[in-house]
Structure formats: structure tokens, C-alpha cells
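A short worksheet on the structure shown next.
The values are calculated or read from the model by the stated rules, or taken from the named source; none is laboratory data. Every value quoted in this text rests on a predicted model; they were computed, and no experiment measured them. Positions of Cβ are generated from backbone atoms using ideal geometry, with glycine treated the same way; all protein chains shown enter the neighbour counts. For the accessible areas, the whole protein counts, side chains as well, though only heavy atoms, and no ligand, DNA or RNA atoms are used. Shrake-Rupley method; radii C 1.70, N 1.55, O 1.52, S 1.80 Å.
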Amino acid sequence: MWSRAQSLRAGFIALMALNPMALAFAADATNDYPTSARADYVFACMKSNGDTRPALEQCSCSIDVIASIMPYERYVTAESALSLAQVPGVFGTMFRTSEQAKSAANDLRRAQAEAEVRCF
């Protein structure tokens, strides 16, 4: 029979052993955006916010928040839908009226609003 101290020690050792795996999983989940996608976002954000050092920090924070809220695949879907919705005519209408496109765009807008609150 283990004493309470031995049980706590064993639990602590087990947590320490699992911790690197948990950190690696969390890092993979948060860093699933390619560097080029993050750079594109920061570049466009900085152009909109003055090309200053504070803008660089705020925009970098913003894409990090967005990446923590939505998976990269959903981000790509939303970015594509928003871009294609600007095309005039029937083709653009498909992306302005599609429920999937609207849903993805709304998810991105919510993530951007959260990023705005946290970073700007």
C-alpha cells in the first residue's frame, strides 16, 4: 500500500513526464499556420495600421490570436470566401450568398474582433 506522500510523488512524476507532450501538442495546435500565411497577414495588417513598430507588434499579436481561435483550414476557407465575394457578377454572388462561405467569413470576423480587443 502506498502512502499519501508516495502517491503524490508518483502523480507529480507522471505529470512532469506528460508535460513535454502536452506542450508539444499545444504548440502544434497553435502553430499550424504556415509562416508565409502569418507574414501575409502581418504585412497587410501593417499597411492598414501605419507601418510602424507598434503596428508590427499588434499585427503579430493579432494573427497569433486568430491562430489560437480557428484552425488554418478554416482561416483559408474564410479568406478565400471573402476574397471571391468581391468578384462582381454571378461568380461573386455564389460566395456572397453561400451559407458555408458566410459561416467561414463570420468565424474569421469573430476571431479578428477578439484579436482587436486583445492586441490593439
Residue in the stretch 16-37 that is at pLDDT 95 or above and either surrounded by 13 or more Cβ atoms within 10 Å (Cβ to Cβ) or farther than 29 Å from Phe120 by Cα (or both) present: yes
Residue list for the stretch 110-120, filter: free of Cβ contacts under 8 Å to residues at least 24 places away in the same chain and either open to solvent by less than 100 Å² (accessible area, probe 1.4 Å) or not in a helix (DSSP H, G or I) (or both): Ala113
Test for Leu56: is it at pLDDT 95 or above, surrounded by fewer than 18 Cβ atoms within 10 Å (Cβ to Cβ) and either β-branched (Val, Ile, Thr) or more than 21 Å from Arg118 (Cα to Cα) (or both): no
Any hit, the stretch 59-81, residues being among the aliphatic types (A, V, I, L, M), more than 19 Å from Ala39 (Cβ to Cβ), over 11 Å from the mean Cα position of the chain (by Cα) and open to solvent by 70 Å² or more (accessible area, probe 1.4 Å): no
